[in-house]
Amino acid sequence: MRRSGKIVEFFSNRDDWEETAIFVVEDDPQSGTDHVDPHRIPALVISPWAKRGHVSSVLNSQANVWSTIEHLLGVPPMTKYDEYASPMYDAFTTTADTTPYEALPNPIEFEINPAGLPFQAYCEAADFTTPDAVPRLGEVLWALTRPGEPFPHHLSGADEEDEEEEREEAEFYRDQLAKALDYARRHGLEVRGYDLKP
């Protein structure tokens, strides 16, 4: 997420910014549930047409996000779920604000987990370069933020089958990223910030 502001800054300075919409949703909470409802996840809409500073109380799901994207692009729905889901009308306005975004510098030095803190060894061995490659991260975060409280396994919905599926997905992502990095290097493209763990 530390580069997200720079990504938005880049797109907001392009000539086609007025025709752009960026949707940011959580891929996988890694069994780390929200403190209000385990079904709730963060979602951001970034666009000249998005309402600035607006917090929506409308119930949306991933299907609503897909429905919105499909309506914007003028493409048909993929499944019955997005076909019957409403677009995220509440997130948008009819007046565009094309002011370019300026990313703020991160005031906190980026470290995954400094030495001497709880779970430092766990985090140092973890592979944060690809999605789904850090098993049971939700339990680690819970232990750090709520020491002494038992992890609510009954809310996470994760089981051994899910963990095996995540391991397979992580391996797939790692393989695809390795191919992309290899392609970039072979074609003289600059690659920064990636150190794939074996």
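The values are calculated or read from the model by the stated rules, or taken from the named source; none is laboratory data. What you see is a predicted model, and the numbers here were worked out from it, not measured in a lab. Heads up, the Cβs are rebuilt from the backbone with ideal geometry, glycines too, and the neighbour counts pull from every protein chain shown.
Can you tell which of 45, 24 is under 28 Å from residue 107 (Cβ atoms) and at pLDDT 95 or above?
Working: 24 fails: at pLDDT 95 or above.
From the options 45, 24, the qualifying one is 45.
Just checking, does region 119-139 include any residue being at negative phi, surrounded by 13 or more Cβ atoms within 10 Å (Cβ to Cβ), touching a Leu at 6+ places or on another chain (Cβ under 6 Å) and at pLDDT below 80? Yes, region 119-139 contains at least one residue that is at negative phi, surrounded by 13 or more Cβ atoms within 10 Å (Cβ to Cβ), touching a Leu at 6+ places or on another chain (Cβ under 6 Å) and at pLDDT below 80.
In the condition set (1) part of a helix (DSSP H, G or I); (2) modelled with pLDDT under 80, residue 180 is compliant with all but (2).
Beta carbons closer than 6 Å, at least 6 apart along the sequence or on distinct chains, pair a first residue in region 129-148 that is more than 30 Å from residue 178 (Cα to Cα) with a second that is among the hydrophobic types (A, V, I, L, M, F, W, C) and not in a helix (DSSP H, G or I) for 142/151.
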